[in-house]
Amino acid sequence: MPRGDSEQVRYCARFSYLWLKFSLIIYSTVFWTIDFLNDNIRRGIENYYDDLDFKNIMDFVQKQFKCCGGEDYRDWNKNQYHDCSAPGPLACGVPYTCCIRNKTDVINTMCGYKTIDKERLSVQNVIYVRGCTNAVLIWFMDNYTIMAGLLLGILLPQFLGVLLTLLYITRVEDIIMEHSVTDGLLGPGTQPSMEAVGTGCCLCYPN
């Protein structure tokens, strides 16, 4: 096989490997992100009334995206006040931001009372039963042009950097191979015209 063809085959093989690896990373990242978000939302729900920042964010997300909890509304059972075994009026209920209501309705903070232990079909007209993780991901899919722009802006420079590094490594390997072939043609007894001295960058200077 001619040398130019072998280089082209090697470039194509490395590019295909890089693209396959990149695709697998993106595919696994999506599923990892869903589990990561659900776990963090559950940890935040545990401290819902102690962490004011998380409380405000969670309330906004639940009202804006019409969702409840992370994976679903039963995540609120992780909170000590909303746990079904807890004493008090909040037990086995969800915050009012999970409730389905009209904007003109007066806010009823107890609208999610005794909903965690019920089936989805029996409470779907009272509270939002879908989780906020799925709701946010669906919103991203509906607005895929915005997401595509963000992903390209974040991932494309990194991908190009990896690709350029790979091409540079391949070129260095070609140069090393060319010098190896040249040394073999000169013969074992042939001495180069210049001797390198020193170490590091000084190897470039003749004696």
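The values are calculated or read from the model by the stated rules, or taken from the named source; none is laboratory data. Given the structure is predicted, the values throughout are model-derived calculations rather than measurements. Glycine also receives a Cβ, built like all others from the backbone with ideal geometry; neighbour counts cover every protein chain displayed. Please note that ligands, DNA and RNA were not included when accessible areas were found on the heavy atoms of the full protein model with its side chains. Shrake-Rupley method; radii C 1.70, N 1.55, O 1.52, S 1.80 Å.
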Counting only protein heavy atoms and using a 1.4 Å probe, what share of the accessible area of region 23-137 belongs to carbon plus sulfur, as a whole percent? 56 percent
First measure r as the distance between the Cβ atoms of N102 and F159, then evaluate 1/(1 + (r/R0)^6) with R0 = 45 Å and state the FRET efficiency to the nearest 0.05. 0.45
Kindly rank 45-52, 138-145 from highest to lowest mean number of other beta carbons found within 10 Å of each residue. 45-52, 138-145
Diffing region 130-145: the Karplus 3J(HN,Hα) column from phi (6.51, -1.76, 1.60, θ = phi - 60°), in whole Hz with x for Gly and Pro, holds 7, x, 6, 4, 5, 5, 5, 5, 5, 5, 4, 5, 5, 10, 5, 5
Using the basic label-point model (7 angstrom from Cα toward the beta carbon), what is the Y49 to I138 distance in nanometres? 3.0 nm
